[in-house]
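Structure record follows, encoded as structure tokens.
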Amino acid sequence: MKQAHIPFFPGKFHLPPLLRKDLRNIETMIREEGQSSNPLMNSMISTLILNGGKRIRPLILMTVFRGLDGAEEAVQQAYHAGASLELIHTATLIHDDLIDQSKLRRGAPTIYAQHGIPPAVLAGDYLFVVAYALASTLPKNLVQKIITDLRHMAEGQLLEEMINPKTLTFTEYLNIITSKTAMLFRSACVSGAFLAGASESMQQVLSDAGLMLGIAFQLIDDMLDVMGNENITGKPIGADFLADKMTLPYLLYEEHFGDLPQERTQETFQAIYADLTSELVMLQAKRLAKEKTKNAQKGFSVLTNASIRTFILEICDKMLSRIL
Ligand code: IPE
Ligand code: IPE
Ligand code: MG
Ligand code: MG
Ligand code: MG
């Protein structure tokens, strides 16, 4: 079996002490809430949670909150929001692996691969419920905003399944990734800003920055699916190709090299690999991820706390450096 425990995203780079404390507190909350008195449920969800993950959504949320010098009285609510979004994300991963028929997650077999379909559906459901319970302690206006984003997330995942990959356009692809991934990043930013008491206009700027960051994040994930290192991503290479997905590298491949092979197998993946990872495809893909990241950074520059502002710009660069 592959070794579990995928490295925490910020890795060795310096987390401001306040954020380090915040992330530790949210981690405790995630681990406490991500339990069940049912032994199988408990083993499924706690294994996935303990196997790591980058915790990037709560990190972004707390960075925005601290970047606006949010009041200490609101910190507990920010923790609830951060833990809730991370658990929602974890629930979607369980269902996503079932939908994508993925075998590996965070360096270990997926719940779907190890236990089958019914336990995977129910483990995802369980974590959604836990996450909503945490979110129910948040101000109603904020919950409304988060719910809107979560509706988009489910709709985006559905759209990806229903659309014909052979005719998918670049605009449709962008719509899918905006909904399925970027909306949750938007929720993280809006939650941090809302709980820090930011004005509506400030919330809007940060909401847009979150959306840009989320789009860049999925573009990078889609590139790493082709050219990543399984020991770092904890996910198998070429999974999107084998699952009949049409993502940015494949859209660009078709633009430059013609139709993808009719049959999607390990052999045909190897056959197109050199062209797929050629500069022609990857430089263009990287350019797009960079452009979206730069847009996000422009939005984050409204954060008022200078050292936190520098830090979030670094997070964005670090994210981009996964592919550059
Ligand atoms: C994976 O998210 C799903 C995508 C939106 C690409 P992450 O890459 O944040 O997964 P973990 O939490 O670090 O495992
Ligand atoms: C998943 O996208 C997005 C959501 C979970 C909503 P992917 O299917 O690309 O995520 P990974 O690569 O399996 O983590
Ligand atoms: Mg997947
Ligand atoms: Mg998927
Ligand atoms: Mg992926």
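Quick note: the coordinates plus some simple rules give every number you see, no bench work behind them. Note that the structure is predicted; figures quoted are calculated from it, not measured. In this analysis, Cβ positions are derived from the backbone assuming ideal geometry, glycine residues included, and neighbour counts consider all displayed protein chains.
If you line up the long axis of helix 266-276 against the longest principal axis of the chain, both from Cα atoms, how many degrees apart are they, to the nearest 10? Between the helix axis and the principal axis of the chain, the angle is about 80 degrees.
Computed 3J(HN,Hα) for the stretch 317-322, one whole-Hz value per residue from the Karplus formula 6.51 cos²θ - 1.76 cosθ + 1.60 where θ = phi - 60°, is 4, 4, 4, 5, 5, 5, glycine and proline marked x. For the stretch 42-198, what class follows from the C-alpha gyration tensor (a ≥ b ≥ c being the square roots of its eigenvalues): rounded when a/c is under 1.5, otherwise prolate if a/b is larger than b/c, else oblate? Note, shape of the stretch 42-198 comes out oblate. Checked against a 21 Å cut-off, the cross-linked pairs 54/318; 21/298; 166/286; 21/54; 140/292 give Cα-Cα distances beyond that limit for 21/298; 166/286; 140/292. By the beta-carbon count within 10 Å of each Cβ, the least crowded to most crowded order of 315, 60, 163, 30, fewest first, is 163, 315, 30, 60. Placing a label point 7 Å from the Cα of residue 43 along the Cα-to-Cβ direction, the residues of the stretch 105-127 whose backbone N falls under 17 Å from that point are 108-124.
For the chain, the longest principal axis of the alpha carbon atoms and the long axis of helix 279-300 meet at an angle near 10°.
Simple point charges give the picture: +1 on the Cβ of Lys and Arg, -1 on the Cβ of Asp and Glu, and for the stretch 17-321 a dipole about the Cα centre of about 900 debye.
Comparing 268, 171, 247 in a Gaussian network model of the chain (Cα springs below 10 Å), the most mobile by mean-square fluctuation is 171. Extension gain for residue 162-residue 117 works out to 14.2 nm (0.36 nm per residue, less the C-alpha to C-alpha distance). The length gained on full extension between residue 321 and residue 155, counted as 0.36 nm times the residue separation minus their Cα-Cα distance, comes to 56.8 nm. Taking the chain as the reference, fit the longest principal axis to its C-alpha atoms, fit the long axis of helix 39-50 to the helix C-alpha atoms, and give the angle between the two in degrees, 0 to 90, nearest 10. Around 90 degrees separate the two axes. Computed about the Cα centre, the dipole magnitude for the stretch 146-238 is approximately 80 debye when only Lys and Arg (+1) and Asp and Glu (-1) carry charge, each at its Cβ. Return the loop-located GluC sites (Glu not before Pro) in the stretch 209-301 (DSSP other than H, G, I, E, B) with at most 15 other Cβ atoms within 10 Å of their own Cβ; answer none if there are none. The qualifying sites are 263.
Couplings 3J(HN,Hα) of the stretch 111-127, computed from phi: 4, 4, 5, 7, 10, x, 5, x, x, 5, 4, 6, 5, x, 4, 4, 5 Hz, in residue order, whole Hz [Karplus 6.51 cos²θ - 1.76 cosθ + 1.60, θ = phi - 60°; x for Gly and Pro]. Modelled label positions at residue 137 and residue 231, each set 7 Å beyond Cα in the direction of Cβ, lie 4.0 nm from each other. Each part reduced to its alpha carbon centroid, the stretch 272-324 and the stretch 102-143 end up 28 Å apart.
Using the Cβ-Cβ distance between residue 306 and residue 76 with R0 = 25 Å, the FRET efficiency computed as 1/(1 + (r/R0)^6) comes to roughly 0.45.
Shown is the FRET efficiency for residue 200 and residue 314, computed with R0 = 22 Å from the Cβ-Cβ distance and rounded to the nearest 0.05: 0.20. Is the chain rounded, prolate or oblate when judged by the Cα gyration tensor, a ≥ b ≥ c being the square roots of its eigenvalues, rounded requiring a/c under 1.5 and prolate requiring a/b larger than b/c? It is oblate, given that a/c is not under 1.5 and a/b is not larger than b/c.
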